[in-house]
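Asks: Sharing a structure with you now.
Read-outs: derived from the displayed coordinates by stated rules, not from any lab. Only a predicted model underlies this, so the values are computations on that prediction, with no experimental measurement involved. Here the Cβ positions follow ideal geometry from the backbone for every residue, glycine too, while neighbour counts run over all protein chains shown.
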Amino acid sequence: MNKSVRLGVLTPSSNTALEPLTSALAAKVLGCSAHFSRFSVTEISLSNRALGQFDDSKILAAAELLADAKVDVIAWSGTAAGWMGFDSDRRLCERIHARTGIAATTAVLALNELLKIMGVQQLALVTPYTEDVQQRIVENYAREGISVVAERHLRISVNHDFALVEPDTLLGLMREVSLGTDHARPQAISTYCTNLRAAPLAARVETELGIPLLDTVSTTVWGALRAVDADPAQIKGWGSLFALR
């Protein structure tokens with residue numbers, strides 16, 4: 001890459017893990033920097049109030065602020081489409097591009113593209129979410145022909161508290177889901193939340209468990225780099241997903 005690339009990243013307001021991890025990933029790419037715009041997200045649940053946090057008007061206002069920085073791509077680093085439906089992210093990307101003229105992607109759409117490239121039909125899922133949110137995610141993947149064969153969730157709804165989950169706890173959960181069931185073993189594990197400190201565990205997880213880790217902070221960066229035709233393979237030591245185009 002011969003020119004600078006600015007990654008614009010839309011961030012839930014109460015996240016504390018996403019920004020340092022995204023900046024660390026961007027720093028691995030020559031000439032790349034990450035720039036952030038927040039909108040209010042404090043609770044993850046299926047209540048009307050919590051779902052209303054993801055109203056497009058609020059996200060588009062944050063995207064317009066990123067456009068002022070002349071970023072090359074705008075990436076929504078959040079996983080709400082997992083329980084709200086994947087079409088919500090597709091519509092959001094269309095609206096961001098229409099409003100700003102800048103290409104857009106999301107953590108979930110990038111993850112789903114990676115699952116397609118990798119041919120994953122059996123997925124393991126680790127999240128901090130409540131049971132009803134987790135079940136909605138599982139159902140949405142089933143509609144796409146992807147079976148969640150093992151899952152763990154921590155029953156937390158306060159978004160800020162997701163970042164307080166210790167990496168060792170996440171590692172333990174990943175070890176558990178990697179076993180799958182008597183009938184099916186996962187082809188990949190996703191740590192599905194952009195306020196978990198899971199991305200740096202990828203190399204260790206993949207070496208120990210022999211299964212790719214698709215963390216959604218990492219998938220956001222992968223998708224953003226791909227959208228601007230920058231090579232994700234410049235990022236080394238953060239998981240095998242970055243070798244994929």
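Asks: Within region 210-221, does at least one residue satisfy the condition of being in contact with a strand residue (DSSP E or B) (Cβ under 8 Å, 6 or more places away or on another chain) and either without any contact (Cβ under 8 Å) to a residue 40 or more places away in the chain or farther than 18 Å from Ile117 by Cβ (or both)?
Replies: For region 210-221, residues in contact with a strand residue (DSSP E or B) (Cβ under 8 Å, 6 or more places away or on another chain) and either without any contact (Cβ under 8 Å) to a residue 40 or more places away in the chain or farther than 18 Å from Ile117 by Cβ (or both): present.
Asks: Of all residues in region 44-58, which are part of a loop (DSSP other than H, G, I, E, B), more than 23 Å from His97 (Cβ to Cβ) and either more than 19 Å from the chain's Cα centre (by Cα) or of a type outside the set (Val, Ile, Thr) (or both)?
Replies: Of all residues in region 44-58, those part of a loop (DSSP other than H, G, I, E, B) come to 44-47, 53-55.
Next cut, more than 23 Å from His97 (Cβ to Cβ) only: 44-47.
Selection gives Ser45, Leu46, Ser47.
Asks: Scan the helices (runs of 4 or more DSSP H) fully inside region 128-245 and keep the ones with 1 or more residues being under 24 Å from Thr11 (Cα atoms) and basic (Lys, Arg).
Replies: On the way: elements: 131-143, 159-162, 167-178, 202-209, 216-227.
The qualifying helices (runs of 4 or more DSSP H) are 131-143, 216-227.
Asks: Does region 31-43 hold any residues that are buried (at least 18 other Cβ atoms within 10 Å of the Cβ) and in a loop (DSSP other than H, G, I, E, B), and which are they?
Replies: Val41
Asks: Which condition breaks for Ser88 when tested against (1) touching a strand residue (DSSP E or B) at 6+ places or on another chain (Cβ under 7 Å); (2) hydroxyl-bearing (Ser, Thr, Tyr); (3) surrounded by fewer than 23 Cβ atoms within 10 Å (Cβ to Cβ)?
Replies: (1)
Asks: Please determine whether any residue of region 233-242 is in contact with a Gly (Cβ under 9 Å, 6 or more places away or on another chain), closer than 28 Å to Val133 by Cβ and in contact (Cβ under 8 Å) with a residue 12 or more places away in the chain.
Replies: Taking every residue of region 233-242 in turn, none turns out to be in contact with a Gly (Cβ under 9 Å, 6 or more places away or on another chain), closer than 28 Å to Val133 by Cβ and in contact (Cβ under 8 Å) with a residue 12 or more places away in the chain.
Asks: Tell me, which residue of region 16-39 that is in contact (Cβ under 8 Å) with a residue 40 or more places away in the chain and under 13 Å from the mean Cα position of the chain (by Cα) is nearest to Leu164 (Cα to Cα)?
Replies: Step by step, filter region 16-39, then rank; the result is Ala17.
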